[in-house]
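Report on the structure given below.
The values are calculated or read from the model by the stated rules, or taken from the named source; none is laboratory data. Just so you know, these numbers come straight off a predicted model, no measurement behind them. In this analysis, Cβ positions are derived from the backbone assuming ideal geometry, glycine residues included, and neighbour counts consider all displayed protein chains.
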Ligand SMILES: Cc1cc2nc3c(=O)[nH]c(=O)nc-3n(C[C@H](O)[C@H](O)[C@H](O)COP(=O)(O)OP(=O)(O)OC[C@H]3O[C@@H](n4cnc5c(N)ncnc54)[C@H](O)[C@@H]3O)c2cc1C
Ligand SMILES: Nc1ncnc2c1ncn2[C@@H]1O[C@H](COP(=O)(O)O)[C@@H](O)[C@H]1O
């Protein structure tokens with residue numbers, strides 16, 4: 001089968017999420033990519049080098065500059081005349097666009113897959129990962145979002161896909177981009193970091209977060225994350241949230257500091273290789289999943305740990 | 001303008017789901033079910049828009065078994081004006097739900113439809129986007145701020161990199177994220193009042209929507225369990241462990 005993967009990018013570079021999704025697509029058949037953006041020819045060239053990619057469809061138009069689903073979905077639908085499966089990463093961009101495509105194709109989307117079991121069957125977590133469902137679709141075309149942590153990255157180089165320019169499908173005229181506040185950070189991205197230090201309500205304040213969590217993350221070259229409670233309380237911005245309704249992560253090492261371990265938080269990090277928990281409450285549920293636990297006051301433990309590393 | 005708010009009855013978020021022994025699904029017999037938390041946020045936002053004089057009427061809609069009435073009564077007690085229940089036993093997939101909601105939107109002509117970003121049972125995160133596609137409307141998903149002015153709604157969205165704002169022509173779809181607002185609790189007098197608010201009961205056939213699922217669930221199982229590990233007694237021991245893991249020099 002011919003698959004079409006939505007390339008996630010910022011009009012300059014391909015994002016890592018795409019590499020995971022390419023691996024899922026390759027399990028289904030021939031991999032074609034779609035680069036929709038503005039001034040994004042370099043992205044298409046980079047995408048064509050991803051291992052296993054046969055073809056890159058490049059749609060370069062002002063209408064696609066900000067990945068507005070009202071504009072991108074009709075473009076995907078047009079290309080789906082010639083493809084059997086559409087795959088997007090289960091990121092905020094993919095989740096925004098893919099269901100819109102599915103409805104236009106009259107197809108039930110299969111969200112957040114963690115395995116490809118066959119040409120029409122897939123595994124996906126439900127109930128915050130407390131249950132794993134195997135599903136089979138009867139739809140003629142597939143629309144799928146892919147959980148990145150469940151698939152290895154395809155190699156970013158070694159491929160020799162061809163780039164083909166495709167005509168745009170215009171601007172819907174019903175939605176426009178106003179602005180964005182995208183935090184620039186020197187740290188690794190949460191979803192691809194090897195080590196993550198996350199702070200919860202126990203950290204107490206934004207000021208404490210930066211005084212306690214940041215230096216430890218600096219020492220470990222880690223990304224920084226948070227629980228919902230820490231985000232809601234304004235310690236850190238929304239893009240730090242790990243969990244069922246935030247980001248799904250699976251680093252080699254996840255260090256949870258002052259996080260109790262609610263099921264919604266565990267849903268986002270329990271596939272980490274090693275979980276380390278620091279909490280003053282020895283009965284905190286986080287210790288039920290932690291490989292290594294240290295009971296005590298984070299305000300003493302974390303600075304001491306940072307100093308000794 | 002009218003605002004439509006679809007609300008789903010789901011296993012209460014405080015409860016841990018039990019996988020049925022025969023692998024057919026989750027055991028929902030005799031367990032507490034409540035309004036999907038994101039839908040509470042949607043109801044709250046709609047009521048606030050009414051309190052600001054922007055909305056004239058808030059209509060809550062649910063598709064599900066007869067007991068979904070309770071969920072609709074909760075929405076009415078929070079402040080919705082009336083409710084529509086489309087009774088359906090068995091699976092209602094997002095695509096079918098979106099088709100029903102489209103038919104209801106065609107009838108009611110709302111200016112805004114506010115949904116939750118995801119139902120915490122199936123974790124699909126699709127219905128709002130699908131509904132937007134079927135109606136040909138703009139969508140502001142994962143909203144943390146909604147500002148209506150004239151013929152436009154500005155929606156600030158929680159995205160992976162931070163925040164993004166889009167301007168949408170009305171009528172439009174909004175899906176809620178956690179930080180949009182803090183839903184109110186219904187007061188006792190309002191719970192009493194809600195009992196006499198209008199609640200219409202319909203069937204999918206009334207809207208000509210085929211509910212046959214496209215997906216078959218082959219099996220539902222428990223995820224592999226993580227074993228609790230060890231506790232270390234001191235920071236020094238933790239440093240040793242981190243070194244052994246190769247993350248510290
Ligand atoms: C619809 C919905 C979606 C949700 N989605 C998410 C999600 O995606 N991600 C998420 O994280 N949550 C999510 N939640 C919230 C979740 O249920 C919990 O409320 C949240 O994870 C709790 O955060 P916390 O562990 O930081 O806070 P708490 O549960 O308050 O825990 C704080 C911990 O800090 C410890 N502590 C306090 N002081 C110290 C100290 N000095 N030293 C050491 N330890 C200390 C305490 O012992 C406690 O264990 C969601 C909830 C709902 C209803
Ligand atoms: N059966 C239903 N009845 C009413 N609203 C629903 C139903 N299913 C989904 N929704 C709405 O769609 C949102 C997203 O659900 P989902 O796409 O299933 O994750 C929910 O938060 C509800 O607002």
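The condition (being away from ligand 2 (no atom under 16 Å from the Cβ) and on the phi > 0 side of the Ramachandran plot) is satisfied by just one residue among A:243, A:261, A:268: A:261.
Filtering the stretch B:1-35 to residues that are within 13 Å of ligand 2 (Cβ to nearest atom), part of a loop (DSSP other than H, G, I, E, B) and away from chain A (no Cβ under 11 Å) leaves B:7, B:8. Please go through (1) within 22 Å of the chain's Cα centre (by Cα); (2) in a strand (DSSP E or B); (3) facing chain B (nearest Cβ under 7 Å) for residue A:108 and return the number of the only condition it doesn't satisfy. Every listed condition holds for residue A:108 apart from (2).
Is it fair to say residue A:126 is at pLDDT 95 or above, within 15 Å of ligand 2 (Cβ to nearest atom), farther than 20 Å from residue A:18 by Cα and touching a strand residue (DSSP E or B) at 6+ places or on another chain (Cβ under 6 Å)?
yes
The residues of the stretch B:48-59 that are away from ligand 2 (no atom under 15 Å from the Cβ) and without any contact (Cβ under 8 Å) to a residue 60 or more places away in the chain, listed by number, are B:50, B:51, B:52, B:53, B:55, B:56, B:57.
Yes/no matrix, rows are residues, columns are (1) surrounded by fewer than 17 Cβ atoms within 10 Å (Cβ to Cβ); (2) at pLDDT 95 or above; (3) farther than 30 Å from residue B:82 by Cβ:
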| position | (1), (2), (3) |
| --- | --- |
| B:202 | no, yes, no |
| B:210 | yes, yes, no |
| B:216 | yes, yes, yes |
| B:249 | yes, no, yes |
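Just so you know, in the stretch B:103-135 the residues that are more than 9 Å from every other protein chain (Cβ to nearest Cβ) and free of Cβ contacts under 8 Å to residues at least 40 places away in the same chain include one that is nearest to ligand 2 (Cβ to nearest atom), and it is B:135. Of all the residues in the stretch A:126-154, those that are within 18 Å of residue A:25 (Cα to Cα) and not in a strand (DSSP E or B) number 11. Just one of the numbered conditions (1) surrounded by fewer than 24 Cβ atoms within 10 Å (Cβ to Cβ); (2) at pLDDT 95 or above; (3) under 24 Å from residue A:99 (Cα atoms) is not true of residue B:90: (2). Taken residue by residue, the stretch B:209-216 has at least one member that is in contact with a helix residue (DSSP H, G or I) (Cβ under 6 Å, 6 or more places away or on another chain) and more than 10 Å from chain A (Cβ to nearest Cβ).
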